[in-house]
Amino acid sequence: MAGSDDEQANITGREKLRALAEAALTLSDDQTAQRFGTNAREAVQTTYGWHRDAGRLRDVYDTIAGVGA
């Protein structure tokens with residue numbers, strides 16, 4: 001259901017309800033719901049995490065403190 005902002009703005013209430021119903025039916029399938037959950041967990045673990053963000057946070061602190069400038 002991806003589209004431009006103009007397309008999204010033109011979606012009617014009935015279309016939104018239909019999309020919600022389709023999503024609910026999709027997730028009612030246990031295998032699909034399990035796959036979505038597994039993929040979401042993997043995405044979060046690879047996108048966010050202290051091991052990745054710690055260096056970036058340290059760089060921000062260093063910039064604020066003027067370290068290495």
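Every read-out reported here was derived from the displayed coordinates using simple, explicitly stated rules and does not represent laboratory data. Fair warning: this is a prediction, and the values are worked out from it, not measured in the lab. Virtual Cβ from ideal backbone geometry, glycine too; neighbours counted across all protein chains shown.
Checking a compactness column here: for the stretch 5-65, what do you get for Rg(Cα) / (2.2 N^0.38 Å), N being the number of residues?
Relative to the rule-of-thumb radius for its length, the stretch 5-65 sits at 1.86.
With the crude spin-label approximation of a point 7 Å out along Cα→Cβ, what separation in nm comes out for residue 16 versus residue 45?
Reported label-point gap for residue 16 and residue 45 is 3.6 nm.
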